[in-house]
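The values are calculated or read from the model by the stated rules, or taken from the named source; none is laboratory data. Only a predicted model underlies this, so the values are computations on that prediction, with no experimental measurement involved. Backbone-built Cβ (ideal geometry, glycine too); neighbour counts: all protein chains shown.
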Amino acid sequence: MAMEIRSTAFADGGAIPVRYTCQGENISPPLSWAGIPPGAKSLVLIVDDPDAPDPRAPKMTWVHWVLFNLSPAVSGLSEGVDKLPPGTGEGLNDWQKTGYGGPCPPIGRHRYFHKLYALDIVLDGLKRPTKAQLEDAMVGHILGQAQLVGTYQKR
């Protein structure tokens, strides 16, 4: 079985409900996953938007959520998760905070990539890494990956 990530709140390629954005409650959507490869020692979740600031002329990828060292025994995260599974580390998003920051695009319809990685190690020594620091630490340790894409445009 291939590794997969999904949400009951939106389909892959579908619109993210307002509830999970800056125009709503700004809480994380429910996420679940399956097909974690044998030998996985930890999971990483990165949510980012490659369409910032304008999808017609993107200049950067905006990072919304960075989690690492999720246990492979965990099969998902509940809506608006406020207590992360034991051992889970949080990295910095582009608001320079830990935690989830929902979609809030300044213009146009943006894509939000929910990327899950299975690693063959537990990432030690990281405090509050940025996405780039986390990706550097993951090099050579990815056993599998999956992604879920949602879209959002402000009303």
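State yes or no: is residue 14 within 26 Å of residue 139 (Cα to Cα) and surrounded by fewer than 20 Cβ atoms within 10 Å (Cβ to Cβ)? So residue 14 does not fit the description; no.
Residue by residue, here is whether (1) buried (at least 18 other Cβ atoms within 10 Å of the Cβ); (2) at pLDDT below 95; (3) part of a helix (DSSP H, G or I); (4) polar (S, T, N, Q) holds:
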position: 113; (1), (2), (3), (4): no, no, no, no
position: 122; (1), (2), (3), (4): no, no, no, no
position: 127; (1), (2), (3), (4): no, yes, no, no
position: 135; (1), (2), (3), (4): no, no, yes, no
position: 149; (1), (2), (3), (4): no, no, no, no
position: 155; (1), (2), (3), (4): no, yes, no, no
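Looking across the stretch 98-140, the residues that are of a type in the set (D, E, K, R) and under 19 Å from residue 81 (Cα atoms) come down to 115, 128. Listed by first and then second residue, the pairs with beta-carbon distance under 6 Å, at least 6 apart or on different chains, first residue in the stretch 129-155 and free of Cβ contacts under 8 Å to residues at least 60 places away in the same chain, second part of a strand (DSSP E or B), are 141/119; 142/117. Contact map, the stretch 61-87: residues that are at pLDDT below 95 paired with residues that are aliphatic (A, V, I, L, M) and surrounded by 15 or more Cβ atoms within 10 Å (Cβ to Cβ), Cβ distance under 9 Å, separation 6+ or inter-chain. Pairs shown: 82/27. Residues in the stretch 91-103: is at least one acidic (Asp, Glu) and more than 15 Å from the chain's Cα centre (by Cα)? So far as the stretch 91-103 goes, no, none of its residues is acidic (Asp, Glu) and more than 15 Å from the chain's Cα centre (by Cα). Annotation for the stretch 25-41: at least one member residue is under 21 Å from residue 111 (Cα atoms), modelled with pLDDT of 95 or more, more than 12 Å from the chain's Cα centre (by Cα) and not hydrophobic (A, V, I, L, M, F, W, C). Among the residues of the stretch 42-54, some residue qualifies, meaning at least one is under 26 Å from residue 141 (Cα atoms), in contact with a Lys or Arg (Cβ under 9 Å, 6 or more places away or on another chain), acidic (Asp, Glu) and assigned to a strand (DSSP E or B). Any residue in the stretch 99-108 that is closer than 23 Å to residue 153 by Cα and touching a Gly at 6+ places or on another chain (Cβ under 7 Å)? Scanning the stretch 99-108, I find no residue that is closer than 23 Å to residue 153 by Cα and touching a Gly at 6+ places or on another chain (Cβ under 7 Å), so the answer is no. Residue 108 falls short of the stated requirement of being small (Gly, Ala, Ser), crowded, with 21+ Cβ neighbours inside 10 Å and either assigned to a loop (DSSP other than H, G, I, E, B) or without any contact (Cβ under 8 Å) to a residue 12 or more places away in the chain (or both).
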